[in-house]
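The values are calculated or read from the model by the stated rules, or taken from the named source; none is laboratory data. Because the structure is predicted, anything quoted here is derived from the model rather than measured. Methodologically, a virtual Cβ is constructed for each residue, glycine included, from the backbone with ideal geometry; neighbour enumeration extends over all protein chains shown. Quick note on the areas: whole protein, heavy atoms, side chains included, nothing else; ligands and nucleic acids left out. Shrake-Rupley method; radii C 1.70, N 1.55, O 1.52, S 1.80 Å.
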Amino acid sequence: MKIMLCVKQVPDDSIEIHLDNKTKKPNLNGVSLVANAFDTYALELAVRFIEANGGTVSVLTVGADDSLNTLKNCLSVGAKEAFSVKDDLYADLDAASTADVLADAINKIEKDKGEKFDLILCGKESTDEITGQVGALLAEKLGTSFVSSAIEINLKDANMEVHQETEEGYNIVSLESPAVVTVSKPNYDPRYPTIRTKMASRKAVIPTYCAAEIGEVKQAKVRCIEYVQPPKKEAGIKIKEKDAMLAVSAAIEQMKKDKTI
């Protein structure tokens with residue numbers, strides 16, 4: 001089984017980020033770029049899959065920023081090879097144009113390698129834009145089947161058996177390859193690299209493509225107009241009545257005054 005994982009670099013979401021008062025954009029000064037959390041879950045799921053069934057995991061990222069460190073981190077926790085598509089033309093991609101670039105890049109890599117990928121994985125959403133659309137759009141571009149929010153993938157007979165997360169539990173879906181699957185949070189965390197795997201990943205040679213090598217760049221049709229911080233919570237009203245009945249009455253009267261009931 002040959003698996004390709006699409007990875008997005010995002011600002012480290014473990015750091016509290018605020019809007020810049022002048023630019024009205026997130027202030028990312030001093031914030032490092034890391035692999036999107038859902039993509040790291042997808043990588044761990046993929047590595048566990050090939051450990052159980054055999055195969056290889058490749059990783060791919062597209063964007064305007066240097067992603068080599070992120071890709072090498074992926075190599076240190078189980079991916080076999082990595083590919084980078086980097087160009088300033090990719091600075092303002094929306095979900096549809098991102099899917100276009102990923103599809104063109106995957107087709108280019110498959111042509112160069114002379115082999116097809118059986119399974120394309122993406123995180124179900126990114127922690128910066130949170131559109132949750134790229135995986136479905138990518139499946140449409142590649143002409144493959146698609147399942148979202150997977151938490152487990154197994155082989156059963158000649159097909160893949162995907163556990164798709166729902167609000168009530170999960171669906172079990174039988175899927176033929178090639179396919180695109182987006183991954184939610186499984187019941188385990190991503191592994192940590194060892195010193196040996198980390199040292200080996202530093203020496204890895206990662207092919208990097210530019211836009212001219214991949215194909216025509218589609219212009220984004222969706223753009224963010226502005227970022228707005230959520231309103232600050234107003235101070236609450238403390239009811240000081242010690243008697244329970246009086247306290248409830250006071251609370252109801254206050255809610256009537258605020259027209260919440």
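Quick notes on this one:
- Selection from Leu119, Leu33, Gly236, by position along the positive dipole direction of the chain (Cβ): Gly236
- Cα gyration tensor, segment 59-113 - rounded (a/c under 1.5), prolate or oblate: oblate
- Where labels lie 7 Å past Cα in the beta-carbon direction, separation of Ile206 and Cys224 in nm: 2.2
- Across segment 130-221, C-alpha contacts under 8 Å between residues 6 or more apart give a mean separation that, scaled by the residue count, equals a relative contact order of 23 percent.
- Relative packing of peptides 246-258, 66-78 - highest average C-beta neighbours within 10 Å first: 66-78, 246-258
- In plain terms, the C-alpha convex hull of segment 23-142 casts an average shadow of 8.1 nm² when viewed from every direction.
- Whole-number accessible area per residue in Å² for the chain, which is evaluated in the context of all protein chains at 1.4 Å: 62
- Given Lys25/Lys72; Lys2/Lys80; Lys116/Lys203, the pairs whose alpha carbons are separated by over 20 Å: Lys25/Lys72; Lys116/Lys203
- Distance between segment 172-225 and segment 104-151 - C-alpha centres, whole angstrom: 9
- Within the accessible area of segment 67-161 (1.4 Å probe), percent carbon and sulfur: 42
- With both labels modelled 7 Å from their Cα along Cα-to-Cβ, the Lys257 to Asn159 distance reads 6.3 nm.
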